[in-house]
Amino acid sequence: LRVAVLISGSGSNLQALIDAIESQQLPGVEIVLVISNKANAYGLQRALKHKLPAIYIPWKKREEVEERISSLIRIFQADLIILAGWMRILSANFTAQFPQRMINLHPALLPDDGGSSYTTSDGSVIPALRGLHVIEQALEAGLKVTGSTVHYVIPEVDAGPVIGRSEVLIEPGDTAETLQEKLKLQEHHLIVEAVRAYSQQ
Ligand code: GRF
C-alpha cells in the first residue's frame, strides 16, 4: 500500500506511521510522499530525516494547489491519502477524485450518521464538533469527554464513514494544550490501526 501523507504542522501522526512501518508493524505499507502547505511544518523535517520525499506547496489558489497535489499523487502512485493535521479545506472536485482513498484525522468525536451529536460510551450526548478549533470548543462547552475520529473523506467537511474513534476524558485543569497532547497520543494508535485495516482489506 503506497501512502501519501498531507500535513500542516508538527506531524506527530506522520511520525507514528513512520515508526510503525520501521518497526514492521505495518507490513506492505510504504509512505511514498509527504506534502505540507506550510514551509516550516516540523513534519517536513521528520520526513526528510527518514528519507521520505517531502514537498512544500505554498497555498495560493486552491484549484492550482489541488491540481499539483493530484499530479503528485498520480506520479508517486499513492493508493491512500492521509490528511494528518492538514489544515486546509479541499474542494468537492478534489475529494471526489479519491473515493474511499482518502482518510482524515479529526480531534473530536463524530457520529456514524453524520448527525450533529454523538453519544459517548457512558451515555452522554455531546455535540459533534466539526471544523477548526474543536479542542477549544470542547473545553468551552464544559464537556467531560471528547476524543478523536478517523474517517473517510467525503466532500462535506469532517463527515464521511467512520473508521475508528477513541474517547478521551477532559479533566479539571486541562487546557487546549494538555488536551491536544492526550488526543494526539490516542490518534497515533488510531491512525496506525486505520492504515493496518485498510492495507488488509
Ligand atoms: C491532530 O490532532 C489532528 O486530529 C488534527 O491536527 C492534529 C495534527 O497533529 N487534525 P500532528 O501534526 O500529527 O502532530
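A compact table of results
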read-out	value
Rounded to 10°, Cα long-axis angle of helix 12-22 versus longest principal axis of the chain	60 degrees
q = 0.17, 0.25, 0.27, 0.28 Å⁻¹, the range 66-118: log10 I(q)/I(0) [Debye, one scatterer per Cα]	-0.64, -1.14, -1.24, -1.29
Dipole magnitude (debye, nearest 20) for the range 2-200, charges at Cβ of Lys, Arg, Asp, Glu	780 debye
Two-decimal Rg/Rh across the range 2-200, once Rg and the Kirkwood Rh are taken from alpha-carbon atoms	0.95
With Cα atoms, 0 to 90° folded angle of helix 176-200 axis to the chain main axis	60 degrees
Signed unit charges on C-beta, dipole axis of the range 1-140, positive-most listed residue I103, V34, L80	V34
Under 22 Å from K49, Cα to Cα: lysines that are on another chain or at least 8 residues apart	K38, K184
K38, K61 arranged by Cβ crowding within 10 Å, fewest neighbours leading	K61, K38
Share antiparallel - DSSP beta bridges, the chain, percent rounded to 5	45 percent
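Every read-out reported here was derived from the displayed coordinates using simple, explicitly stated rules and does not represent laboratory data. Values in this document were obtained by computation on a predicted structure and should not be read as measured data. As a convention, Cβ positions derive from the backbone with ideal geometry for all residues, glycine included, and neighbour counts pool all protein chains shown.
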